[in-house]
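Engineer: Before I ask anything, here is the structure I am working with.
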Amino acid sequence: MRRIGGRLRPGMFALVVITLLLAMPGAARAGSRRASPTPDKALAATLVYHEITAFSISPTGGGEEAPILSDDGEHIAFGVAPGTEDPANPNRIFVMNADGSGQHEVDSYTTYCYCGSMIDISADGGTVISTDSVQLRIADGASGDGRELIALDSNEINAARISGDGTRVFFRVYRDTAIRGSSPSQPVERGLYVVNADGSGLRQIVGPSDMEALGLPPTDFFGSNSKTIDASTDGSHLIFGAYNDPKSAGEGNGLFGVDLDGSGLRDYLGRVSFLLNGAISGDGSTVAYSVADESNVQRVGVVPFTGGSPRTLFDSTANFPVAQSGIPDGGDRMQLSGGGGLALLGSSGVLADTETGDLLALGVPGSTLIAGAVPLVGDGLYHATMDAQASRFLYSAGDAAGVLQLATVDRDPTDLGPAPLLTEASIDPPSVHAQGGSTATVRIRVASEGTLAGVGGRVLRDGLRDPNMGEYVLIDDGSHGDSTAGDGEFTNDGIVADCCAASGPRTVRILAQVQGSDGKRHATAIDVGPFAVVAAPPTAAPSS
């Protein structure tokens with residue numbers, strides 16, 4: 001049985017550790033800003049959310065330009081990159097700690113192409129790269145001192161990554177070009193490139209002739225419709241997207257893998273209509289991808305880096321009740337955990353087990369909040385990225401002024417920080433009849449140092465929000481099944497299935513949000529069970 005633990009919280013009375021019997025197996029405590037050390041596989045979780053910034057303007061961009069969390073979960077890189085050629089309004093790259101402290105600028109430059117900045121960060125946050133698609137730059141994550149690694153005659157760099165160990169930078173050149181300002185002109189052929197972090201060792205890893213030797217038709221374009229490239233932590237294993245017999249409107253893509261020395265070039269998927277995204281695990285063992293076919297059916301799958309039969313985890317015909325149907329596209333990053341056991345599916349905020357296909361929604365809307373409060377958790381996690389353990393996640397959440405603030409989610413942490421403490425959860429009875437034949441009552445005790453903005457519940461089926469069961473506000477006013485007003489126990493006695501809810505197991509996601517003394521939003525969510533929808537008993541025949 002799953003366990004949620006209490007603790008002593010500064011500035012409030014002592015809370016006795018309370019053991020709760022909940023739905024999923026495995027021990028988990030409602031806890032910290034840092035999660036347990038080995039959550040690479042288990043999906044069951046207590047989720048703790050923290051707003052960490054108070055920006056006056058939103059960070060710019062999505063996809064490769066969106067804020068990103070380092071593999072160690074302790075550092076964040078983001079850009080404020082207006083993409084002008086005005087030296088007084090440059091693209092600026094920042095780093096901060098994962099709790100929002102220590103924000104500092106590490107690079108600033110005028111773009112060559114009216115472009116934003118794609119960014120990436122090393123595993124320990126020690127090195128940050130960025131590119132406006134003409135110049136590729138690198139900066140020390142602590143001291144800054146950004147410098148140019150290479151600049152081209154035109155904006156042909158359409159993807160860039162730094163190896164997790166910070167030693168190498170990989171980038172893809174879309175079309176043939178030349179080194180900017182070289183005389184005589186130094187050509188740069190389209191392809192996949194690597195350069196050392198100190199600027200030495202620039203070389204092409206894969207070029208057009210290598211792709212043709214693999215059996216692909218000749219093409220004038222190396223890049224694909226997606227910005228996909230990714231590297232293992234040590235940089236020894238790479239994946240990249242490229243055109244495969246392209247047709248009109250960018251159709252005709254492929255996903256490929258290669259070793260650092262250029263050997264072992266392999267084609268994972270053959271020709272697909274559109275490659276939407278791709279990722280490789282930190283250990284280099286597993287590749288994940290999302291693609292769309294000619295009928296616009298999108299699918300997510302995995303394949304070993306060494307090759308073999310791709311395995312589909314799910315596709316868009318399943319009509320998942322999450323943002324973007326769970327399919328990460330070019331506006332997101334797709335990521336794998338260090339060992340490849342879990343995949344983060346972009347703004348859907350869904351975490352997928354790459355072996356079983358089990359899913360867990362990390363972003364499920366809470367309840368109606370008090371007047372003036374803005375939800376920290378909505379449908380999905382906008383532009384989500386994660387650490388290598390899949391234990392901490394970074395995303396963006398709009399505030400009351402519409403400015404995107406950065407927020408983190410921790411799975412099974414050991415310290416709640418300013419987030420509310422949820423204890424004494426129960427559902428009675430542990431099932432409801434299909435087609436609205438009965439109701440159940442859910443209860444939770446909430447303790448918080450901040451101003452409580454609301455407590456709510458949503459029913460989950462197979463780890464995702466159940467669209468056939470409603471949104472429930474939990475209240476502490478002595479009505480709707482609540483026994484005593486103002487005692488900290490929140491209740492809703494109207495949990496019910498609609499006409500179309502299928503029979504089967506469920507859990508109830510309970511989420512409480514507060515505004516802390518720091519002026520920021522914080523929330524805690526737990527999944528409570530056992531709970532199920534069951535068939536209604538047969539109606540007795542009338543007696544004669």
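The values are calculated or read from the model by the stated rules, or taken from the named source; none is laboratory data. The structure presented is a predicted model; accordingly, all values stated were derived computationally and were not measured. We place every Cβ from the backbone using ideal geometry, glycine too, and count neighbours over all the protein chains shown. Accessible surface areas use protein heavy atoms only, side chains included; no ligands, DNA or RNA. Shrake-Rupley method; radii C 1.70, N 1.55, O 1.52, S 1.80 Å.
Engineer: If you scan the stretch 135-145, which residues turn out to be among the hydrophobic types (A, V, I, L, M, F, W, C) and either open to solvent by less than 30 Å² (accessible area, probe 1.4 Å) or within 17 Å of residue 229 (Cα to Cα) (or both)?
Structural biologist: Listed by number, the residues that qualify are 136, 138, 139.
Engineer: Taking the stretch 95-134 as the region of interest, how many residues are among the aromatic types (Phe, Trp, Tyr) and open to solvent by less than 20 Å² (accessible area, probe 1.4 Å)?
Structural biologist: So the answer is 1.
Engineer: On to the next question. Looking only at the stretch 248-296, how many residues end up being aliphatic (A, V, I, L, M), under 27 Å from the mean Cα position of the chain (by Cα) and more than 19 Å from residue 307 (Cβ to Cβ)?
Structural biologist: The qualifying residues number 2.
Engineer: Further question: What do you reckon, is residue 400 without any contact (Cβ under 8 Å) to a residue 24 or more places away in the chain and either touching a Leu at 6+ places or on another chain (Cβ under 8 Å) or not β-branched (Val, Ile, Thr) (or both)?
Structural biologist: no
Here's the yes/no breakdown for (1) at pLDDT 50 or above; (2) crowded, with 18+ Cβ neighbours inside 10 Å:
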position: 17; (1), (2): no, no
position: 43; (1), (2): yes, yes
position: 48; (1), (2): yes, yes
position: 61; (1), (2): yes, yes
position: 64; (1), (2): yes, yes
position: 82; (1), (2): yes, no
position: 91; (1), (2): yes, yes
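Engineer: I need the strands (runs of 3 or more DSSP E) fully contained in the stretch 443-499, keeping only those with at least 3 residues that are open to solvent by less than 50 Å² (accessible area, probe 1.4 Å).
Structural biologist: Because the criterion is at least 3 residues that are open to solvent by less than 50 Å² (accessible area, probe 1.4 Å), the strands (runs of 3 or more DSSP E) in the stretch 443-499 that meet it are 451-461, 489-495.
Engineer: Within the stretch 242-270, how many residues turn out to be at pLDDT below 95 and small (Gly, Ala, Ser)?
Structural biologist: Qualifying residue count for the region: 7.
Engineer: Right, here's the next one. Report, by residue number, each residue of the stretch 254-270 that is under 22 Å from residue 332 (Cα atoms) and not small (Gly, Ala, Ser).
Structural biologist: Passing the criteria: 255, 256, 268, 269.
Engineer: For the stretch 151-179, give me each residue that is open to solvent by less than 10 Å² (accessible area, probe 1.4 Å) and of a type in the set (Lys, Arg).
Structural biologist: Across the stretch 151-179, the qualifying residue is only 172.
Engineer: Follow-up question, since we're still on this one. Run down 340, 349 and say which single residue is within 22 Å of residue 393 (Cβ to Cβ) and buried (at least 24 other Cβ atoms within 10 Å of the Cβ).
Structural biologist: 349
Engineer: State all residues of the stretch 390-423 that are under 23 Å from residue 470 (Cβ atoms) and over 24 Å from the mean Cα position of the chain (by Cα); if no residue qualifies, say none.
Structural biologist: Answer for the stretch 390-423, where residues must be under 23 Å from residue 470 (Cβ atoms) and over 24 Å from the mean Cα position of the chain (by Cα): just 422.
Engineer: Out of the residues in the stretch 500-521 meeting the condition of being assigned to a strand (DSSP E or B) and among the basic types (Lys, Arg), tell me which one is nearest to residue 408 (Cα to Cα).
Structural biologist: 521
Engineer: Quick one: which strands (runs of 3 or more DSSP E) lie wholly within the stretch 69-176 and hold at least 2 residues that are in contact with a strand residue (DSSP E or B) (Cβ under 6 Å, 6 or more places away or on another chain) and aromatic (Phe, Trp, Tyr)?
Structural biologist: 168-173
Engineer: Looking only at strands (runs of 3 or more DSSP E) that lie completely in the stretch 239-312, which have at least 2 residues being within 28 Å of residue 386 (Cβ to Cβ), open to solvent by less than 20 Å² (accessible area, probe 1.4 Å) and free of Cβ contacts under 8 Å to residues at least 40 places away in the same chain?
Structural biologist: 253-259, 286-292, 298-304
Engineer: Looking at (1) open to solvent by less than 30 Å² (accessible area, probe 1.4 Å); (2) not in a strand (DSSP E or B), which is the one condition that is false for residue 220?
Structural biologist: (1)
Engineer: Hey, another quick one. What number of residues within the stretch 180-215 satisfy the criterion of being outside any strand (DSSP E or B), touching a Pro at 6+ places or on another chain (Cβ under 9 Å) and surrounded by 14 or more Cβ atoms within 10 Å (Cβ to Cβ)?
Structural biologist: Result for the stretch 180-215: 4.
Engineer: Under 6 Å between Cβ atoms, at least 6 apart or on separate chains: pull out the pairs that start in the stretch 67-95 with a residue that is free of Cβ contacts under 8 Å to residues at least 12 places away in the same chain and end on any residue that is not β-branched (Val, Ile, Thr).
Structural biologist: Between residues of the stretch 67-95 that are free of Cβ contacts under 8 Å to residues at least 12 places away in the same chain and residues that are not β-branched (Val, Ile, Thr), the close pairs are 89/82.
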